[in-house]
Amino acid sequence: MVPPHAHAHGPASPHPAQPAPWSILRMTGLSRLAAAIAVSAGLWAIVWLAMR
């Protein structure tokens, strides 16, 4: 009898890599910079709201 969710790797080996839907490493430099600025602005907005 086979269990409903059989693993395809041995118990001592890690899970195989899953394909990522997106990766920051595949973004262009300008896109990475824009994402970093957006995240930074969002975090500063949280700080600004907390200080009010």
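Every number in this text was worked out from the coordinates using simple rules, so none of it is lab data. Since the model is a prediction, treat every value here as computed from it, not as a measurement. As a convention, Cβ positions derive from the backbone with ideal geometry for all residues, glycine included, and neighbour counts pool all protein chains shown.
Worth a mention:
- Neighbour counting of Cβ atoms within 10 Å sorts the residues Arg32, Arg52, fewest neighbours leading, into Arg52, Arg32.
- Potential lengthening between Arg26 and Trp48 on full extension [0.36 nm per residue; Cα-Cα distance subtracted]: 4.7 nm
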